[in-house]
Each structure stands twice: as structure tokens, then as C-alpha cells.
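The structure appears right after this line, and notes come after that.
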Amino acid sequence: MDNRLSGVPDYYKILNIPFGSAPDLIKKTYRNLAKIYHPDNKASGSAEKFLDIQTAYTVLSGINREKYDYLYKITFTASYLRDTTNSVLLPANRIVYTSTMSRLAKMGLMKTGLRNKDRRKFTGIFHDLDLLIKKEEIIHRILVRLPLTVRILCPNCMGSNIYCDVCLGIGTYKSSRLLHLAFEPHLIQNGRIYELELSRFRPDNFIHFKKKFLKVKLNIF
Ligand SMILES: [Zn+2]
């Protein structure tokens, strides 16, 4: 398996998680893999793989992650965008929000004032959306484009003028941007849930997604 591109090691691929994974997911995955590949494990241990996993975890859980993610975006993500032959863009109707009105109405949970957190306890659904992927598509990279609410720092006053005409003194304004996700074939398993940290996907320094984390479940049919 080649985990490098132009000399940059793909730490996300080594841990078998997508770019932008949340800290909890990184830690959980690292612990599982470390158990499997620990040199003391007679069945599946590998000193070389164990070292790779440790290096990947050290970078992705430490202060160098910001720098690494930047490098990752300009090497790996740029190569995804160039190579569209091996990619499938998931149609919008196969992106299903678990909190859609119809689904909740069916379950009788459209009570006013019910917060997302409480709603999750009732439904037992702890992820935000389902991605429905066809069996014949799993040999390809799956690209997902998701419109999400963002807050944009006011370009007129940079959030520092309470008399600003553009943002009316609020400092930011609400808008919508596409979140771009990519799932390579090695990441696509039925039922797998990935928690992503949306600050990793910010289009630029002036825009941030309103939601902090997004839990995505892959479903193969
Ligand atoms: Zn302003």
C-alpha cells in the first residue's frame, strides 16, 4: 500500500479514517489499531505497522495537525480534484438527514422544544446523516457535496464596528456553503460511522460552519 504522495505520508489513510476526522474518532481508531499491530500481539503484530500508526496518531492528535492538514489539503485533496475518472459524486437524494421532518413525524417526535440532543436519546439515532452508496460504486472514491449553514466574518468591518452598515453591527452574517467530503474505497464499509470536525473543512479563515461536528453513516445497498 502506498501511503505517500509527493513525499507526504497519508496519516489518515494509515489510520483508515477520512480527512478531518474528529479527535474522538482518531483516538478510538488509534487504540484499536495499536492493539492489533502491537509487536507483542503474536497473531497480527507488526513492528513496522505499529510505528506507522504511532507516528500518524502523534501528528493527528498533536499541535502539528494544523500544519499537516494544510499540507494534506494541497497535496491529496488537490489530486482528488484532478483525478475525477475514479470518482462518483453522490446524488443529493442519497444523502439523508436523520433529523428530516418526515422521519421524526413518523416517530411522533415533532414535539416543540425538543432539542436535538434529547431527540437523539428518543430515537437512538446518534448520527446526523446517512449516505446511501450502491454496491457497484464502492470501487470508486465517493464524493459528497453538502450545503451547510456558515457564519462569515463581515468583510466590511471585520467584526469590529457596531455601527457597520453591512452586518448591522453583528460582526458576522449567515450564509450557506458546500462541505466537500471524499471517501476512498478503503474507507467504505457498510454501517461505518465517521465523526468529522468541521473546522478542518473551513473554506477560508473568514468562514466557519455553524455546526462543529458531523456524524456520517455509510450504508451500502
Ligand atoms: Zn460589519
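Each semi-axis of the equivalent ellipsoid for the chain is √(5λ) with λ an eigenvalue of the Cα gyration tensor; in descending order they amount to 32, 25, 18 Å. Cross-link reach is defined here as a Cα-Cα straight distance under 14 Å, omitting same-chain residues fewer than 8 places apart; for Lys27 the aspartates and glutamates meeting it are Glu195, Glu197.
Projecting the Cα atoms of Val88, Pro147, Tyr57 onto the dipole axis of the chain, where Lys and Arg carry +1 and Asp and Glu carry -1 at the beta carbon, places Pro147 farthest toward the positive end.
Using the Cβ-Cβ distance between Ser175 and Asn32 with R0 set to 35 Å, the FRET efficiency from 1/(1 + (r/R0)^6) comes to roughly 0.35.
Across region 130-221, Cα-Cα distances exceeding 19 Å account for 51% of all pairs. Model label points for Arg145 and His127, set 7 angstrom from Cα along the Cα-to-Cβ axis, are 2.3 nm apart. Over the chain, DSSP H runs of length four or greater, each weighted -39,500 (n - 2.57), average out per residue to a 222 nm ellipticity of -7500 deg cm²/dmol.
With a cut-off of 11 Å on the backbone N, the residues of region 174-201 near the modelled label site 7 Å out from Lys73 along Cα-Cβ are 199-201.
Laboratory data are not the source of any read-out in this text; all were calculated from the coordinates shown. Fair warning: this is a prediction, and the values are worked out from it, not measured in the lab. Cβ: placed from backbone, ideal geometry, glycine included. Neighbour counts: every protein chain shown.
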